[in-house]
1. Taking the simple approach of a point 7 Å from Cα along Cα-to-Cβ for both F26 and V5, what is their distance in nm?
2. Please work out the FRET efficiency for the pair S51 and L231, using the Cβ-Cβ distance as r and a Förster radius of 35 Å; give the result to the nearest 0.05.
3. Taking 25 Å as the cut-off for C-alpha to C-alpha distance, list the pairs among K9/K80; K80/K128; K9/K112; K80/K100; K9/K128 that go past it.
4. In region 56-125, which trypsin sites (Lys or Arg not before Pro) fall in coil by DSSP and have 16 or fewer other Cβ atoms within 10 Å?
5. Label-point separation (nm) for Q189 and D94, each offset 7 Å from Cα along Cα-to-Cβ?
6. Which of the peptides 35-45, 51-61 is most tightly packed, and how do the rest follow, going by the mean number of other Cβ atoms within 10 Å of each residue?
7. So, with +1 on the Cβ of K and R and -1 on the Cβ of D and E, and no other charges, what is the size of the charge dipole of region 9-139 about its Cα centre, to the nearest 20 debye?
8. Taking the alpha-carbon centroid of each part, what is the distance from region 1-61 to region 101-128 in angstrom?
Amino acid sequence: MNIPVSQVKVLVVDDQSLIVEEICEFLESNGYRCVPCLSSRQAIERFREDSAIGLVLCDLQMPELDGIELVRQLQRIAGKHRAFEAIMLTGRADKQDVIKALRAGIADYYQKPVDLHELLDGIHRQDKALAERSRSDSLGHLNQKLQFLAESIDDLYQDLNRIRGRSPADSSEEADPDSAQILPEIVSQLSPRQLDVARLVGKGQTNYQIACELGITENTVKLYVSQVLRLTHMHNRTQLALALSPASARHRGITEH
């Protein structure tokens with residue numbers, strides 16, 4: 001049976017060579033590439049050199065730097081742009097040491113002698129947590145880029161309107177005069193694209209439907225809806241849709257809460 005090899009390397013740190021060899025041999029037979037180290041100083045060098053290291057397995061009691069201080073040093077090296085998870089091994093179950101380790105950001109700990117199969121389960125969990133963390137970071141970066149893109153589009157629309165000698169509200173009225181008559185005080189605050197999105201929200205369309213009609217992504221639609229809610233001081237999408245609906249405008253006007 002072929003075991004898939006993880007893309008994440010495990011940094012195994014202990015001043016006892018037999019323990020390092022045993023753990024590395026076991027983990028490598030279960031799909032993990034290991035980087036063995038016999039000291040904290042050596043571990044820092046290997047971590048700095050190899051960006052594929054994403055899991056750190058280290059002993060608590062070691063000469064020079066203990067496991068907690070080692071993890072803190074690695075955190076400083078990693079900064080905000082490199083994620084890793086750490087697991088501590090300890091020969092004694094001192095409650096204060098465990099609390100100190102968890103406060104330092106160490107994800108889990110195991111008491112020696114370690115049950116290797118339990119340790120493997122823990123490494124699997126931290127591997128998944130690391131993957132989820134990386135995925136969340138990537139989505140966060142993507143959302144930032146989308147936000148920047150949406151703001152850039154707004155700026156372009158406003159620049160075009162200035163060149164043509166018209167305000168965004170004037171362009172909106174030509175595109176949809178009914179909307180301008182319904183909410184003149186709100187329309188004046190919105191860019192043409194924001195107004196397009198608001199108008200379609202008022203018609204009860206979903207983000208997917210709006211994205212299809214305007215030729216943009218659903219994520220971009222969400223950004224526009226968020227901007228419109230902020231500018232119009234509406235609490236949620238439903239309130240915005242009710243406020244922008246033609247029936248609401250004809251029979252009771254708009255009240256911002």
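1. 2.2
2. Efficiency, rounded to the nearest 0.05: 0.25.
3. Check vs 25 Å cut-off fails for no pair.
4. K80, R82, R92
5. The modelled label-to-label distance comes out at 5.8 nm.
6. Output ranking for 35-45, 51-61: 51-61, 35-45.
7. 700
8. Computed from Cα coordinates, the inter-centre distance equals 13 Å.
Here, each number is a calculation from the coordinates, and none is a lab measurement. These numbers come from a predicted model, not from an experiment. All Cβ positions, glycine included, derive from the backbone under ideal geometry; neighbour counts span all protein chains shown.
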